[in-house]
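Engineer: Have a look at the structure that comes next, please.
Any read-out appearing in this document is the output of simple, stated calculations on the displayed coordinates, not a laboratory observation. As the structure is a prediction and not an experimental result, all values here were calculated from the model. Note that each Cβ is placed from the backbone with ideal geometry, even for glycine, and that neighbours are counted across all protein chains shown.
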Amino acid sequence: MKITLSTYEVASQLMSDEYAGWSHEEALALAEYYEQLEEETGEEIIFNACVIRCEWNSFRNIKAVRNAYPSSCPQDDYEAWLWIEERAQVIDVPASSGVAASLLVTAF
């Protein structure tokens with residue numbers, strides 16, 4: 001038996017994960033990411049909020065990413081962005097309605 005979730009249902013369940021703390025915008029971006037991944041690969045993805053929580057990190061900006069990897073990440077913003085993109089998936093979540101922008105980065 002299976003239940004197909006809409007993008008908004010996935011986002012709602014991600015926001016309900018008390019251990020993750022995703023903003024609405026981050027949860028929606030993640031739901032859209034996995035929906036697009038399903039379309040690109042042609043494979044169904046089994047939703048698991050815990051797995052998603054463990055696979056992704058939220059950062060306020062590129063400086064926060066650099067601080068998380070101080071010995072490896074270049075200090076220049078542009079170089080740091082390229083360095084992260086070579087090692088991880090990155091979702092740039094824009095600011096909206098009083099919520100600050102953020103970067104979602106897969107753990108590596």
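Engineer: Quick one: 3J(HN,Hα) in Hz for segment 48-55, Karplus 6.51/-1.76/1.60 with θ = phi - 60°, rounded, Gly and Pro as x.
Structural biologist: 8, 4, 5, 5, 5, 4, 7, 7
Engineer: Given the options 93, 8, 58, identify the residue whose Cα lies farthest towards the positive end of the charge dipole of segment 7-106 (+1 on Cβ of Lys, Arg; -1 on Cβ of Asp, Glu).
Structural biologist: Sorting the options by dipole projection puts first 58.
Engineer: Given H placed 1.01 Å from N in the peptide plane, which residues other than close sequence neighbours of residue 47 have an amide H under 5 Å from its amide H?
Structural biologist: none
Engineer: Which value in deg cm²/dmol, rounded to the nearest 500, describes the helix-derived mean residue ellipticity at 222 nm for the chain, given -39,500 (n - 2.57) per DSSP H run of n ≥ 4 and division by the residue count? Could you put the intermediate results ahead of the total?
Structural biologist: Values: 5 runs with 53 residues, N = 108.
That comes out to -14500 deg cm²/dmol.
Engineer: Please tell me the relative contact order of the chain in percent, rounded to the nearest whole number, where contacts are Cα pairs under 8 Å and at least six residues apart.
Structural biologist: 25
Engineer: With mean projected area of the Cα convex hull in nm² defined as stated, name the option among (i) 7.7; (ii) 6.5; (iii) 8.5 computed from the structure displayed.
Structural biologist: Among (i) 7.7; (ii) 6.5; (iii) 8.5, the one calculated here is (i).
Engineer: Follow-up. For segment 85-90, just list the computed ³J(HN,Hα) in residue order, Karplus coefficients 6.51, -1.76 and 1.60, θ = phi - 60°, integers in Hz, with x standing in for Gly and Pro.
Structural biologist: Whole-Hz 3J(HN,Hα) from phi for segment 85-90: 4, 6, 10, 8, 7, 10.
Engineer: If you put +1 on each Lys and Arg Cβ and -1 on each Asp and Glu Cβ, how big is the dipole of segment 7-106 around its Cα centre, in Debye rounded to 20?
Structural biologist: 620
Engineer: Enumerate by residue number the GluC sites (Glu not before Pro) in segment 25-108 meeting two conditions: DSSP loop (anything except H, G, I, E, B), and at most 15 other Cβ atoms within 10 Å of the site's Cβ.
Structural biologist: 43, 44
Engineer: What FRET efficiency do you get for residue 57 and residue 2 if R0 is 35 Å and r is their Cβ-Cβ distance, rounded to the nearest 0.05? Numbers along the way, then the final one.
Structural biologist: Values: r = 29 Å, r/R0 = 0.83.
About 0.75, to the nearest 0.05.
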